[in-house]
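Each remark here refers to the structure printed beneath this line.
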Amino acid sequence: MDTSLLKVDSITVRRDNATILKDISLRVESGEVTGVLGRNGAGKSSLAYALMGLPDYIPVKGSISFLGEDITSWSITDRAKAGLTLAWQMPARYEGISIRDYLRIGPQNSSERNLEEAMDFVQMSPLFLDRAIDKSLSGGERKRIELASIYLMKPRLAILDEPDSGVDLLALREVLGLLRLLADQGSGVMVITHREDVAAGCDRSYLMCDGRIILEGSAAAVKRYFMSQCRPCEGCEGEQISRKGVLNEVMGRAKNQ
Ligand SMILES: Nc1ncnc2c1ncn2[C@@H]1O[C@H](COP(=O)(O)OP(=O)(O)OP(=O)(O)O)[C@@H](O)[C@H]1O
Ligand SMILES: [Mg+2]
């Protein structure tokens, strides 16, 4: 039996006659930070939506297993109950409510003590709990609050779509540290990014291009390939790589590096 936390087997997703995910296979393990790297439009957010079970992103082919169970046809609610959480690239807006109330949406135990512990986790003062979620919060503070919310949920699998956007380089190291802490506490973490320095901080990374995974390997090897070979392309380099059958060769090279 496969013991991976999440195992995605050859999924294909179509939207409005466009194939946006093509034969994607990957796995995420508990206690590990797995990166999904790719340029704009590669299909990273679509992959996150498919994993969370958004109705428009149900695969037309392939399967998704979570803790050994086939969840391909499960609803978002059932996936969330089983322990899957997504931090959206564009978080739903809860403008106006207090950070305390925002953090109380979702987790089972949202005692004041737990909320303060979560704020401590993201290195924010508990005084922020009384602040409203509004334009007065900086982009970095918003990101930290999202992370605090994930921390409180203690998900089995946390999928984070570009947690680094709007975060400066210094804070980026902290974000990576927080992802590592989540993994150390037993969660599987999947971080979606277009920044190679984020992918480099992961245990293992996948590179996406044009709806496909074109490379899997150590974070360092994927970063190296991304920086040296992966330029913004018209049409798709990913498809060319797959068609030419050089993918295995590239992967072999990356694994040996
Ligand atoms: N309903 C749709 N019909 C056709 N194409 C779509 C549809 N939804 C998404 N796409 C396309 O699928 C591709 C992948 O989009 P996605 O948002 O997953 O990319 P991404 O890797 O998350 O990009 P970014 O880094 O910009 O967030 C894009 O080219 C997008 O235009
Ligand atoms: Mg995206």
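The values are calculated or read from the model by the stated rules, or taken from the named source; none is laboratory data. All values reported here derive from a predicted model rather than from experimental measurement. All Cβ positions, glycine included, derive from the backbone under ideal geometry; neighbour counts span all protein chains shown.
One residue stands out among those in the range 114-150 that are more than 30 Å from R27 (Cβ to Cβ) and of a type in the set (S, T, N, Q): the one that is surrounded by the fewest Cβ atoms within 10 Å (Cβ to Cβ), which is S136. Is the range 100-112 home to any residue that is surrounded by 13 or more Cβ atoms within 10 Å (Cβ to Cβ), more than 16 Å from ligand 1 (Cβ to nearest atom), at pLDDT 90 or above and over 22 Å from M153 (Cα atoms)? No, the conditions are met nowhere in the range 100-112.
Restricting attention to the range 81-99 and to residues that are among the small types (G, A, S), at pLDDT 90 or above and outside any loop (DSSP other than H, G, I, E, B), the residue that is nearest to ligand 2 (Cβ to nearest atom) turns out to be A82.
For the range 10-55, a residue qualifies if it is polar (S, T, N, Q), in contact with a strand residue (DSSP E or B) (Cβ under 6 Å, 6 or more places away or on another chain) and more than 8 Å from ligand 1 (Cβ to nearest atom), and the qualifying residues are S10, T12, S25, S30, T34. Within this structure, A50 fails the test of being within 16 Å of ligand 2 (Cβ to nearest atom), buried (at least 18 other Cβ atoms within 10 Å of the Cβ) and assigned to a loop (DSSP other than H, G, I, E, B).
Which of the residues spanning the range 9-19 are out of contact with any Ser or Thr (no Cβ under 6 Å at 6 or more places or on another chain) and part of a strand (DSSP E or B)?
Listed by number, the residues that qualify are I11, T12, V13, R14, R15, A18, T19.
Name the residue, out of R27, R14, that is of a type in the set (K, R), touching a Leu at 6+ places or on another chain (Cβ under 7 Å) and more than 16 Å from ligand 2 (Cβ to nearest atom).
R27
Residues that are farther than 30 Å from S205 by Cβ, in contact with a Leu (Cβ under 9 Å, 6 or more places away or on another chain) and either free of Cβ contacts under 8 Å to residues at least 24 places away in the same chain or within 16 Å of ligand 1 (Cβ to nearest atom) (or both) do occur in the range 120-133, at least one of them. Quick check: is even one residue across the range 20-40 modelled with pLDDT under 95, part of a loop (DSSP other than H, G, I, E, B) and under 23 Å from S165 (Cα atoms)? Looking through the range 20-40, at least one residue is modelled with pLDDT under 95, part of a loop (DSSP other than H, G, I, E, B) and under 23 Å from S165 (Cα atoms). Listed by position, the helices (runs of 4 or more DSSP H) enclosed by the range 151-233 that each have at least 2 residues that are at pLDDT below 85, within 17 Å of the chain's Cα centre (by Cα) and surrounded by fewer than 19 Cβ atoms within 10 Å (Cβ to Cβ) are 169-184.
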